[in-house]
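The values are calculated or read from the model by the stated rules, or taken from the named source; none is laboratory data. Keep in mind it's a predicted model, so treat the numbers as computed, not measured. Methodologically, a virtual Cβ is constructed for each residue, glycine included, from the backbone with ideal geometry; neighbour enumeration extends over all protein chains shown. Just the protein is used for accessible areas: all its heavy atoms, side chains included, with ligands, DNA and RNA removed. Shrake-Rupley method; radii C 1.70, N 1.55, O 1.52, S 1.80 Å.
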Amino acid sequence: MEAPIPSRILDYVEPEPQTASSQGAQSPRSRLLDYVAAAPPAEPVTDGRPGPKPGVPPYHTPVFVPAHPRYADTTDAEGRPARVAFIAYELYAHPSGGTVAFAFTELGRLVDALGDAQPWIAVSIGSLAQGMREHGATVVLDPRLAPGQHNWRPEDLAAFAREVR
């Protein structure tokens with residue numbers, strides 16, 4: 001497995017001036033990829049279920065999906081203001097009239113298609129497909145997109161990072 005790819009959203013924000021109290025403090029980073037790297041390999045399924053159809057990746061195949069964090073401002077049980085974080089998959093209109101989620105088998109393919117500033121999440125193709133099906137959407141694996149059709153620009157990421165800080 002290659003080295004983990006850390007989140008780059010804060011790369012797009014101007015650094016704040018260092019103060020005596022913030023010297024030596026590091027930005028928090030997700031440890032999700034550390035847990036993935038440390039997990040034991042998955043056991044093959046031996047319960048008699050059929051495997052995937054030809055051309056369909058196995059359920060646990062990791063894919064990279066355009067997505068970004070969102071926050072809902074609400075109140076907790078005691079009535080205090082609270083911010084709840086969740087991940088929003090980016091869905092697209094398909095020429096057939098349906099709604100689709102793009103999934104890429106390699107991060108480089110996502111970057112080539114949607115640009116370097118595109119936020120993403122790594123998920124299992126199986127759980128993604130199940131979730132999309134429950135909401136009437138489908139998954140398009142490694143879509144071919146017209147070049148230059150980027151939804152996120154570096155300045156968009158900078159504005160988003162400042163907003164959720």
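Which one of the conditions (1) in contact (Cβ under 8 Å) with a residue 60 or more places away in the chain; (2) within 24 Å of E163 (Cβ to Cβ); (3) outside any loop (DSSP other than H, G, I, E, B) does V123 fail to meet, given that it meets all the rest?
V123 satisfies every listed condition except (2).
Can you tell which of G131, G136, G108 is surrounded by fewer than 16 Cβ atoms within 10 Å (Cβ to Cβ), modelled with pLDDT of 90 or more and under 20 Å from P58 (Cβ atoms)?
G131
I'm checking my understanding of the structure. Among residues of the stretch 55-103 that are touching a helix residue (DSSP H, G or I) at 6+ places or on another chain (Cβ under 6 Å) and assigned to a loop (DSSP other than H, G, I, E, B), which one is nearest to E134 (Cα to Cα)?
In this case the residue turns out to be Y59.
Residues in the stretch 139-161 that are open to solvent by 60 Å² or more (accessible area, probe 1.4 Å), within 18 Å of L110 (Cβ to Cβ) and outside any loop (DSSP other than H, G, I, E, B): how many?
Summing the residues that are open to solvent by 60 Å² or more (accessible area, probe 1.4 Å), within 18 Å of L110 (Cβ to Cβ) and outside any loop (DSSP other than H, G, I, E, B) in the stretch 139-161 gives 2.
Name the residue that is least open to solvent (accessible area, probe 1.4 Å), counting only residues in the stretch 67-105 that are acidic (D, E) and over 27 Å from E155 (Cβ atoms).
That would be D76.
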